[in-house]
1. Only one of Ala206, Ala226, Ala222 is without any contact (Cβ under 8 Å) to a residue 60 or more places away in the chain and either open to solvent by less than 40 Å² (accessible area, probe 1.4 Å) or outside the structural domain of Arg297 (by TED's automatic domain parsing) (or both). Can you tell me which?
2. Can you pull out the helices (runs of 4 or more DSSP H) entirely within region 1-104 that have at least 3 residues that are closer than 28 Å to His367 by Cβ and open to solvent by 80 Å² or more (accessible area, probe 1.4 Å)?
3. Within region 353-382, count every residue that is of a type in the set (A, V, I, L, M) and surrounded by fewer than 21 Cβ atoms within 10 Å (Cβ to Cβ).
4. Of the numbered conditions (1) within 11 Å of the chain's Cα centre (by Cα); (2) open to solvent by 10 Å² or more (accessible area, probe 1.4 Å), Arg217 fails exactly one; give the number of that condition.
5. Got at least one residue in region 129-141 being open to solvent by 20 Å² or more (accessible area, probe 1.4 Å), free of Cβ contacts under 8 Å to residues at least 60 places away in the same chain and more than 21 Å from the chain's Cα centre (by Cα)?
6. Do we find a residue being more than 16 Å from the ligand (Cβ to nearest atom), acidic (Asp, Glu), outside the structural domain of Leu359 (by TED's automatic domain parsing) and closer than 23 Å to Gly119 by Cα anywhere in region 159-177?
7. Tell me the residue from Leu140, Leu117, Leu156 that is out of contact with any helix residue (DSSP H, G or I) (no Cβ under 6 Å at 6 or more places or on another chain), assigned by TED's automatic domain parsing to the domain that holds Thr235, modelled with pLDDT of 95 or more and not hydroxyl-bearing (Ser, Thr, Tyr), please.
Amino acid sequence: MMDEWKQFLDDRERRQLLRRLVPSTGRAPALAVRDGREHVDFSSNDYLGLSSHPALIAAAREALDRYGVGAGASRLMSGDLAIHHELEEETAAFKGSAAALVFNSGYQANTGIVPALFGRRDAVFADQLCHASQLDGALLSRGKLLRFRHNDPEHLDRMLGKHRGAFERALVMTESVFSMDGDLAPLAALLAVCRRHDCRFMVDEAHATGVFGPQGRGCVEASDLAGQVDLVMGTFSKGLGGFGAYLAASRTVIDYLVNTARSFIYSTALPPAVIAADLAALRLCRSGETRGEELLRRAAAFREALRGRGWAVGGESQIVPVVVGESARAVALSKSLADRGFLVLPVRPPTVPEGSARLRFSLTAAHTERQVAAVVEALGAP
Ligand SMILES: Cc1ncc(COP(=O)(O)O)c(C=O)c1O
């Protein structure tokens, strides 16, 4: 039996350089200690450096003292606390929606929401680069999953023209800031196509929350579409420095999901200290203390510096992919940067399409100008 597993794993390793877990023994914004050595961390989604902000830590400590560590049960049992509702109310106000629901993670949100609302007779039209959790949600719905070309509303329009009639209900899904490419979805154009073909529209704001839009409210708000997109999902775990996820939607949808989303029902509620930290992060954003637009300006300058050296750089956000082609090259470049004290992880198939392996730089408010200049220097030229 053991040998069969060995054979299976060896085959996988031949197909794609197998990833390994490398624990950090210390962490701070823009800093990771690995193999006993400090690295400037360009791989974290802690875009605003909020994960160690004193306001979040103080809020988490207070909640620990008040409620203890675990929530003890799922929300529909006795794990539901007033602080969960407080976070949901403030999230709805932040996102300009009638209501919001907190999920235990972005993965659980996407895999819970879609199958609760769509089924066998329905179809999900997803951007080709949608995150795995969105695709898994569509697969769990047992409806038909169709993929439209990345950021191409006209292709979506044609696909819907051809296929929409075969299904009872249809959902169109996209990310607003794409996690591996760092580019932005044409939300208004996609929404117009949805309306033309009687589809619901779901936007994943995981990488936009905290960074894009006024006070970090996201791309839906930045595109003046607040209240118009049916399902706006996002996370507290990236730009907001905490953990968990939200769905902003109508009261009817939220009440329905409380009773039908399996990832919400059959999982212990998030710990109160996590909820308190998320709430503190949201309040920092709403007070205007966080500076998403400044981070985006710095990311644009970083992108230009890399392009100036001849690298193929994509994106329009704080996520800056440098596409190098083959997986082995991305791995080698990442290793060479690690040897010089920079943590920049390679992203390879199947996370990204074959032949588009990349170094994914994720710029954060915690990086100093000197660190950014140093990594450009260390990467050199292609
Ligand atoms: C676009 C997108 N959606 C959802 C998720 C999942 O979020 P979480 O890490 O909170 O499970 C991620 C992050 O991995 C993501 O990039």
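The values are calculated or read from the model by the stated rules, or taken from the named source; none is laboratory data. What you see is a predicted model, and the numbers here were worked out from it, not measured in a lab. Heads up, the Cβs are rebuilt from the backbone with ideal geometry, glycines too, and the neighbour counts pull from every protein chain shown. These accessible areas exclude ligands, DNA and RNA; they are computed on the full protein's heavy atoms, side chains included. Shrake-Rupley method; radii C 1.70, N 1.55, O 1.52, S 1.80 Å.
1. So the residue among Ala206, Ala226, Ala222 that is without any contact (Cβ under 8 Å) to a residue 60 or more places away in the chain and either open to solvent by less than 40 Å² (accessible area, probe 1.4 Å) or outside the structural domain of Arg297 (by TED's automatic domain parsing) (or both) is Ala222.
2. none
3. 6
4. Answer for Arg217: the failing condition is (1).
5. The answer is no; no qualifying residue exists.
6. Yes, region 159-177 contains at least one residue that is more than 16 Å from the ligand (Cβ to nearest atom), acidic (Asp, Glu), outside the structural domain of Leu359 (by TED's automatic domain parsing) and closer than 23 Å to Gly119 by Cα.
7. Leu117
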